[in-house]
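Remarks on the structure that follows.
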Amino acid sequence: MNSETACGTDIAVVGATGKTGKAVVAALEGRATVRQLSRTALDHPIDLDTGEGLKAAFTGCTGVYFIAPNLHPDEPAALRRALEAASEAGVDHVLYHSVAWPYSPRMPHHLDKARCEDDLRAFASRHEMRWTILQPCAYTQNFESILTGESTDLVVPYSTESKFSFVSLGDVAEVAARILLAAEEHHGATYELGGPEAMSVGDVVRLTGEMTSRSVAVEQLDVAQWMHTFGQSLGVDGRARLGAMFEFYDDRDFLAGGMVTKALLGRDPTPVRALIRGL
Ligand SMILES: NC(=O)c1ccc[n+]([C@@H]2O[C@H](COP(=O)([O-])OP(=O)(O)OC[C@H]3O[C@@H](n4cnc5c(N)ncnc54)[C@H](OP(=O)(O)O)[C@@H]3O)[C@@H](O)[C@H]2O)c1
């Protein structure tokens, strides 16, 4: 049964110009009228730090997908502004883009997402709003340049043998689109999204080398060295949040399993090997 009820549905995607948002907008194309929201979005400029533009951008929308800026210093405050505006605008359903394992006290940006989940559930029940939460594991596309051949060297500040349930961003976006188009079925659900296999970045690099003629390599730097080379554009807070995440990854595997993703997609999730280009 196709339960999508898109005709005439306006959906606002907050963070539409970012990596995740672009994938979600592409997945919704032709299935709903999409409003793309961000500071630089041409039609619907908004600012999550002030709340500017949010209510006007949400007015007339049935659903909102809230994707917070990566490593935002105060994601709960940004979400609160969006929820107030969504409620005032009469939005029926909010889908919140969280992360796998939000309650990880050693990672402040995960913990902020755990707080956001709790705030959303409380706000929605007080305001008779529908809600759904997605908790994706790390995207396979975080290693896009290695997978496409744009780059042949990968440098990470954590163990190259820690395992992840890498999930394809395309699969996450398709799941998000399905939920946004069938809000009633997914009201009150929290879904953890992983890919079909547990792999380390070492495994990804070795598989890319085996499947292509490319000579690819991975190197581990310590966090301070990595920040010195790659983290110059980040502020103090962003460095602290990212550094804590890298230390967490160094310490253990970060897994989510792929069965929920499979059930929501109605097909097997995309394995890493399917995203390797230039075979
Ligand atoms: N990468 C992963 O593996 C992964 C896995 C699970 C969850 N996540 C989560 O996914 C979320 C999105 O990550 P991403 O990499 O897609 O982010 P991104 O590429 O940095 O995109 C951020 C978006 O937010 C907008 N934005 C930034 N500041 C804003 C503000 N003050 N007001 C309004 N819009 C603002 C940006 O557009 P403008 O600059 O035009 O405003 C952009 O559209 C993050 O919360 C991250 O934790 C990521």
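The values are calculated or read from the model by the stated rules, or taken from the named source; none is laboratory data. Being a predicted model, the structure only gives us computed values, none of them experimental. Neighbour counts run over all protein chains shown; Cβ positions are idealised from the backbone, glycine included. Protein only, heavy atoms only, side chains kept; ligands, DNA and RNA dropped before computing areas. Shrake-Rupley method; radii C 1.70, N 1.55, O 1.52, S 1.80 Å.
Pairs are defined by a Cβ separation below 7 Å, a sequence spacing of at least 6 or placement on different chains, a first member in region 116-141 that is over 25 Å from PRO271 (Cβ atoms) and polar (S, T, N, Q), and a second member that is more than 16 Å from the ligand (Cβ to nearest atom) and not in a helix (DSSP H, G or I); the pairs so defined are THR132/HIS187; THR132/ALA189.
Listed by position, the strands (runs of 3 or more DSSP E) enclosed by region 69-179 that each have at least 1 residues that are more than 11 Å from the ligand (Cβ to nearest atom) and within 21 Å of GLY243 (Cβ to Cβ) are 153-156. Go through the residues of region 181-202 one by one and say whether even a single one is within 12 Å of the ligand (Cβ to nearest atom), more than 17 Å from ASP250 (Cβ to Cβ) and open to solvent by 10 Å² or more (accessible area, probe 1.4 Å). Taking every residue of region 181-202 in turn, at least one turns out to be within 12 Å of the ligand (Cβ to nearest atom), more than 17 Å from ASP250 (Cβ to Cβ) and open to solvent by 10 Å² or more (accessible area, probe 1.4 Å). Which one is nearest to LEU134 (Cα to Cα) among residues in region 87-120 that are open to solvent by 20 Å² or more (accessible area, probe 1.4 Å) and charged (D, E, K, R)? The qualifying residue nearest to LEU134 (Cα to Cα) is LYS113.
Scan region 67-77 residue by residue and report those that are among the hydrophobic types (A, V, I, L, M, F, W, C) and in contact with a Gly (Cβ under 9 Å, 6 or more places away or on another chain).
ILE67, ALA68, LEU71, listed by residue number.
Residue check: GLY30 meets all listed conditions (1) modelled with pLDDT of 95 or more; (2) within 13 Å of the ligand (Cβ to nearest atom); (3) part of a loop (DSSP other than H, G, I, E, B) but one, namely (2).
Out of VAL24, VAL13, which single residue is outside any loop (DSSP other than H, G, I, E, B), within 11 Å of the ligand (Cβ to nearest atom) and over 19 Å from ALA124 (Cβ atoms)?
The match here is VAL24.
Checking each residue in region 50-66 for being near the ligand (Cβ under 10 Å from one of its atoms) and surrounded by fewer than 22 Cβ atoms within 10 Å (Cβ to Cβ) picks out THR50, GLY51, GLU52, GLY53. The residue that is most open to solvent (accessible area, probe 1.4 Å), among those in region 37-49 that are more than 6 Å from the ligand (Cβ to nearest atom) and without any contact (Cβ under 8 Å) to a residue 24 or more places away in the chain, is LEU42. Taking the conditions exactly as written (touching a helix residue (DSSP H, G or I) at 6+ places or on another chain (Cβ under 7 Å) and of a type in the set (Ser, Thr, Tyr)), does THR208 satisfy them or not? Answer is yes for this residue.
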